[in-house]
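Student: Right, I'll just put the structure down here and ask away after.
The values are calculated or read from the model by the stated rules, or taken from the named source; none is laboratory data. These numbers were taken from a predicted model, which means no experiment stands behind them. Note that each Cβ is placed from the backbone with ideal geometry, even for glycine, and that neighbours are counted across all protein chains shown.
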Amino acid sequence: MIEVKNLVRTFKSGDRTIKPVNDVSFELERGTLASIVGKSGSGKSTLLSLLGALDKPTSGDVVVNGVSLAGMPDGKLTNYRRRDIGFVFQQFNLIPNLSALDNVMLPMEFAGVRKAARAERARQLLAQVQLDPDKHVRRINRLSGGEQQRVAIARALANEPKLILADEPTGNLDEQTGEHIIDLLSTLSRDHNTTILVVTHDRALANKTDRRFRLQQGRLTEETVRPGATAAVTGSAPASPDGSGLTGPDLSGPDLTSPAVRTA
Amino acid sequence: MSVLARSVGNAFRNKVRTAAVVAVLAVAIGLALAMLVANQAVTGKVAELNASVGTVLTVNPAGGQGFEGGGEPLTSAQAVTAAAVPNVSSVVGTKALRLRNAAEIAAQAASGRTGQGGPGGQSATSVTTSLRAAIDAGTLGNRNQGTTGTSGSTAQAAPAFSLPVTATGIGAEIDADGKALQLTKGTGLGNYTGASTGALLGTTLAEKNGLSVGSTFTIQDKTFTVKGLFDAGTAFGNNALYVTLPTAQTLAALPGELSTMIVTVNSMENVDAAKTALQAALGSSKADVTQGQRNLQTAVSSLDSVKNISFIAFVAALGTAGLIILLIMVMLVRERRREIGVLKAIGAPNRTIGLQFVLEALVLVALGSVVGAAVASLASGSIASALISSSGSTGAATGRRGFPGGPGGAFGGASQLLTSVTASASPGVIATGIAAVFGVAIIGALVPALLTARIRPIEVLRGE
């Protein structure tokens, strides 16, 4: 279980103090597929960085399975990221001179998995994300954006993390592949008890998650997804007219947004 | 893909830049190796000089040297006296003979021309041999050995003189200057203090007479077997042969008599004291003690200067190679900050990332070392020669050759000592140099590798 307690992150910008994450608290049970929506610059990626121990909060704490990240030394945070976290970055952040296979094998190498075993698992993962086997050994910079996105997702799954943090995981994918990835994430959360938190502008993806959060000016509120609304997943749509930061048809029905489940 | 494989891949990520870096490294490494080769060559030469000539005293009969002069000959009893002098580690007696070809003596006698010298250097009796000298008499030989004893310029139709062959009886496997014999074929004579029918021949003397190891020749109608060939490094030195000391004394019919004594002192520091003590023990009216090291001081000093310069240049080139690596790797770390951040984000420990950069640096250094070693192999000889000639031109003493034990000999060839330094890039020296380069490269690469530990993943990923 992940507990986020009064998380604050501030930055100095000249004389101003910016609070992209402002007193955020929530809990996620294991196996939950959750989404965070919000406008660009609302602090979604910053929150993801804090949960993934890439960044340290100004105040507050993240407790993972009873273990507090606050005050944890860098070495242990690295172990935490390697063992428990899978990242899907918005810009993929793959190593350009390595092949798709090598990129997926990297986290397993750091975890000490034997070479043959990690190669085998990397091939399986790339197959799961539907990357053509011919492209497994192709260098990353010779793959398309969508293909790179799939490699990034496969890399995030490599060490079977307890928590996957995904920043726009379907942002560069075509509709069909996007649906497949959403299904894959759903399966992971359901069958493998993996907690998945995605930042997305894709209303279809957001609607398919178990819990949906909205981040606005650093504050988090939870929206309740209408039962049965997860059936349809559609492609892109014009920018959201409602200021939610979501695109695509609104399948969530009337705004059932409740006051923040755990917000300040 | 392992860390090593990833490092190798990264080293070739930008081939043009890799080629440029390797070229610059190769120049620095090549220079370092060439300087090390020069340094080792000169160090070896200085050590050789200090170990042999530098601690050697030569004792000649007072008033006589080699086949020239007068006075009383040295004796074996004096050798025992010399050996008892403090700090003297060994005394080796020699007995020099002049050998003349029997047939040529007969021809010259028939023409009314006879040669000088004899068994002891002061006798008119020649020791005959079947050997022919490897050196033609030429103008100098005819002038020095003519019967008239004048200028030797008289034009006669008689056959030209042949030079004698120098035979030296030795009490150990050293030459007349106290240096170890450089045998090129065969073996030594074994026991040098007993009579033997074995002989060691100079390479040109053996070649002139068509002899090789196992061949025989005669001295005073006594058959000798060639046990080995030596290379003295000079035409004069190679027109000579060595037999055991008792054999030479027997051939000269002068048992117990010595031409010279080669006295080795236990260390350079004790040479002066030993010389004084030796002179006092033997008596100034009986023996002249000379110190070859005095004549070599200038040459050794020049070599020391070359040694110091080459060492400083080696260190400087090594430092340059390390600096190049440091700067290149700092540049690469800065360039790959985002990538380092990603690696950290997905759980790479600092040591893995640091190791990756160190290995990448070592790959570049390995490539630079291969090219640098090739450059050093080709250029070290000429670089060392240039260093030595520029240094030696100001200090080398000149000398002249003489008969064994004479004032010239090896002791007078200081300038030739400089040119006799051969700087060859031996595998051992190259390996030592490359090991030093790798050591410096590791230090140079560690700094940027440690820098990677300070990179926080969020700082480089925040730009998204």
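Student: Please determine, by comparing only the residues of the range A:147-161 that are in contact with a Gly (Cβ under 9 Å, 6 or more places away or on another chain) and not acidic (Asp, Glu), which one is modelled with the lowest pLDDT.
Tutor: Filtering the range A:147-161 for residues that are in contact with a Gly (Cβ under 9 Å, 6 or more places away or on another chain) and not acidic (Asp, Glu), the one modelled with the lowest pLDDT comes out as A:Gln149.
Student: Looking only at the range B:231-282, which residues are in contact with a helix residue (DSSP H, G or I) (Cβ under 7 Å, 6 or more places away or on another chain), surrounded by 19 or more Cβ atoms within 10 Å (Cβ to Cβ) and not small (Gly, Ala, Ser)?
Tutor: Once the filter is applied, which keeps residues that are in contact with a helix residue (DSSP H, G or I) (Cβ under 7 Å, 6 or more places away or on another chain), surrounded by 19 or more Cβ atoms within 10 Å (Cβ to Cβ) and not small (Gly, Ala, Ser), the range B:231-282 yields B:Asn238, B:Asn239, B:Leu241, B:Glu257, B:Leu258, B:Met261, B:Val263, B:Thr264, B:Val265, B:Val271, B:Leu278, B:Leu282.
Student: Considering only residues that are of a type in the set (Val, Ile, Thr) and surrounded by fewer than 18 Cβ atoms within 10 Å (Cβ to Cβ), which ones fall in the range A:130-145?
Tutor: A:Val137, the sole residue that qualifies.
Student: Looking at the range A:7-57 only, could you name the residues that are out of contact with any Gly (no Cβ under 7 Å at 6 or more places or on another chain), in contact (Cβ under 8 Å) with a residue 24 or more places away in the chain and aliphatic (A, V, I, L, M)?
Tutor: A:Val24, A:Leu28, A:Leu33, A:Ala34, A:Ile36, A:Leu47, A:Leu48, A:Leu50, A:Leu51, A:Ala53, A:Leu54
Student: Counting only residues that are under 27 Å from B:Ala84 (Cβ atoms) and of a type in the set (D, E, K, R), give me the helices (runs of 4 or more DSSP H) lying completely in the range B:179-285 with at least 2 of them.
Tutor: It comes to B:271-282.
Student: When the residues of the range A:82-97 are filtered to those that are hydrophobic (A, V, I, L, M, F, W, C), in contact with a strand residue (DSSP E or B) (Cβ under 8 Å, 6 or more places away or on another chain) and at the interface with chain B (Cβ under 9 Å from one of its Cβ atoms), which remaining residue is nearest to A:Phe26 (Cα to Cα)?
Tutor: Just the residues of the range A:82-97 that are hydrophobic (A, V, I, L, M, F, W, C), to begin with: A:85, A:87-89, A:92, A:94-95.
Now narrow it down to the ones that are in contact with a strand residue (DSSP E or B) (Cβ under 8 Å, 6 or more places away or on another chain): A:85, A:87-89.
Remaining after also requiring at the interface with chain B (Cβ under 9 Å from one of its Cβ atoms): A:85, A:87, A:89.
Numbers: A:Ile85: 18, A:Phe87: 20, A:Phe89: 22 Å.
Top of the filtered list is A:Ile85.
So that you can scan it fast, the table gives a plain yes or no per residue for (1) over 22 Å from B:Leu163 (Cβ atoms); (2) of a type in the set (A, V, I, L, M, F, W, C):
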{"position": "B:Phe236", "(1), (2)": "no, yes"}
{"position": "B:Asn239", "(1), (2)": "no, no"}
{"position": "B:Gly256", "(1), (2)": "yes, no"}
{"position": "B:Thr260", "(1), (2)": "no, no"}
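Each row is one residue, and each column tells you yes or no for (1) modelled with pLDDT under 85; (2) closer than 30 Å to A:Met108 by Cβ; (3) not assigned by TED's automatic domain parsing to the domain that holds B:Tyr192.
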residue	(1), (2), (3)
B:Thr18	no, yes, yes
B:Ala34	no, no, yes
B:Ala38	yes, no, yes
B:Val42	yes, no, yes
B:Val59	no, no, yes
B:Gly63	yes, no, yes
B:Phe67	yes, no, yes
B:Asn87	no, no, no
B:Lys95	no, no, no
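Student: From the set of residues in the range A:164-187 that are touching a strand residue (DSSP E or B) at 6+ places or on another chain (Cβ under 8 Å) and crowded, with 22+ Cβ neighbours inside 10 Å, which is nearest to A:Gly60 (Cα to Cα)?
Tutor: By that ranking, first place goes to A:Leu165.
Student: Only one of A:Asn97, A:Asn93 is of a type in the set (S, T, N, Q), without any contact (Cβ under 8 Å) to a residue 60 or more places away in the chain and crowded, with 22+ Cβ neighbours inside 10 Å; which?
Tutor: After applying the criteria, what remains is A:Asn93.
Student: In addition: Limited to the range A:114-129, what total is found for residues that are closer than 14 Å to A:Leu157 by Cα and either at pLDDT 90 or above or surrounded by fewer than 18 Cβ atoms within 10 Å (Cβ to Cβ) (or both)?
Tutor: Counting residues in the range A:114-129 that are closer than 14 Å to A:Leu157 by Cα and either at pLDDT 90 or above or surrounded by fewer than 18 Cβ atoms within 10 Å (Cβ to Cβ) (or both) gives 11.
Student: Right, here's the next one. Identify the single condition in (1) facing chain B (nearest Cβ under 10 Å); (2) in contact with a strand residue (DSSP E or B) (Cβ under 8 Å, 6 or more places away or on another chain) that A:Asn79 does not satisfy, given that it satisfies every other one.
Tutor: If we test A:Asn79 against (1) facing chain B (nearest Cβ under 10 Å); (2) in contact with a strand residue (DSSP E or B) (Cβ under 8 Å, 6 or more places away or on another chain), just (2) comes out false.
Student: Being part of a helix (DSSP H, G or I) and among the charged types (D, E, K, R) is the filter here, so list the residues in the range B:1-37 that pass it.
Tutor: Listed by number, the residues that qualify are B:Arg6, B:Lys15, B:Arg17.
Student: Quickly run through the range A:98-118 and pick out the residues that are over 24 Å from the mean Cα position of the chain (by Cα) and either on the phi > 0 side of the Ramachandran plot or within 11 Å of chain B (Cβ to nearest Cβ) (or both).
Tutor: A:Gly112, A:Lys115
Student: So, in the range B:344-367, exactly how many residues are over 11 Å from B:Ala441 (Cα atoms) and under 40 Å from the mean Cα position of the chain (by Cα)?
Tutor: Of the residues in the range B:344-367, the ones over 11 Å from B:Ala441 (Cα atoms) are B:344-357, B:367.
Then keep just the ones that are under 40 Å from the mean Cα position of the chain (by Cα); that gives B:367.
Final tally of qualifying residues: 1.
Student: Answer yes or no as to whether A:Asp61 is more than 10 Å from every other protein chain (Cβ to nearest Cβ), surrounded by fewer than 19 Cβ atoms within 10 Å (Cβ to Cβ) and part of a helix (DSSP H, G or I).
Tutor: Answer is no for this residue.
Student: Just give me the residues in the range A:46-58 being crowded, with 16+ Cβ neighbours inside 10 Å and more than 7 Å from every other protein chain (Cβ to nearest Cβ), in sequence order.
Tutor: If the condition is that a residue be crowded, with 16+ Cβ neighbours inside 10 Å and more than 7 Å from every other protein chain (Cβ to nearest Cβ), then A:Thr46, A:Leu47, A:Leu48, A:Leu50, A:Leu51, A:Gly52, A:Ala53, A:Lys56, A:Pro57 are the ones that fit.
Student: A further question follows. Going through the range A:1-60 one residue at a time, which ones are farther than 22 Å from A:Thr78 by Cα and of a type in the set (Val, Ile, Thr)?
Tutor: A:Thr10, A:Thr17, A:Ile18, A:Val21, A:Val24, A:Thr32, A:Ile36, A:Val37
Student: Would you be able to say whether some residue in the range B:307-323 is more than 14 Å from chain A (Cβ to nearest Cβ), within 28 Å of B:Glu459 (Cβ to Cβ) and out of contact with any Leu (no Cβ under 6 Å at 6 or more places or on another chain)?
Tutor: Looking only at the range B:307-323, we keep the residues that are more than 14 Å from chain A (Cβ to nearest Cβ), and these are B:307-323.
In the following step, the residues that additionally are within 28 Å of B:Glu459 (Cβ to Cβ) were identified as B:323.
Now restrict to residues that are out of contact with any Leu (no Cβ under 6 Å at 6 or more places or on another chain): B:323.
Yes.
Student: Can you give me the number of residues within the range B:343-366 that are touching a Gly at 6+ places or on another chain (Cβ under 9 Å) and among the aromatic types (Phe, Trp, Tyr)?
Tutor: Summing the residues that are touching a Gly at 6+ places or on another chain (Cβ under 9 Å) and among the aromatic types (Phe, Trp, Tyr) in the range B:343-366 gives 0.
Student: Which residue out of B:Phe161, B:Phe224 is within 20 Å of B:Val127 (Cα to Cα), among the aromatic types (Phe, Trp, Tyr) and modelled with pLDDT under 90? So that I can check it myself, show each step before the final result.
Tutor: Working: B:Phe224 fails: modelled with pLDDT under 90.
Only one candidate passes the filter, namely B:Phe161.
Student: Sticking with this one: I need the full set of residues from the range B:172-195 which are hydroxyl-bearing (Ser, Thr, Tyr) and either modelled with pLDDT of 90 or more or over 16 Å from B:Lys95 (Cβ atoms) (or both), in order please.
Tutor: Selection gives B:Thr184, B:Thr187.
Student: When you scan the range A:75-93, how many residues do you find that are of a type in the set (A, V, I, L, M), touching a Pro at 6+ places or on another chain (Cβ under 9 Å) and either assigned to a helix (DSSP H, G or I) or modelled with pLDDT under 90 (or both)?
Tutor: Residues meeting the conditions: 1.
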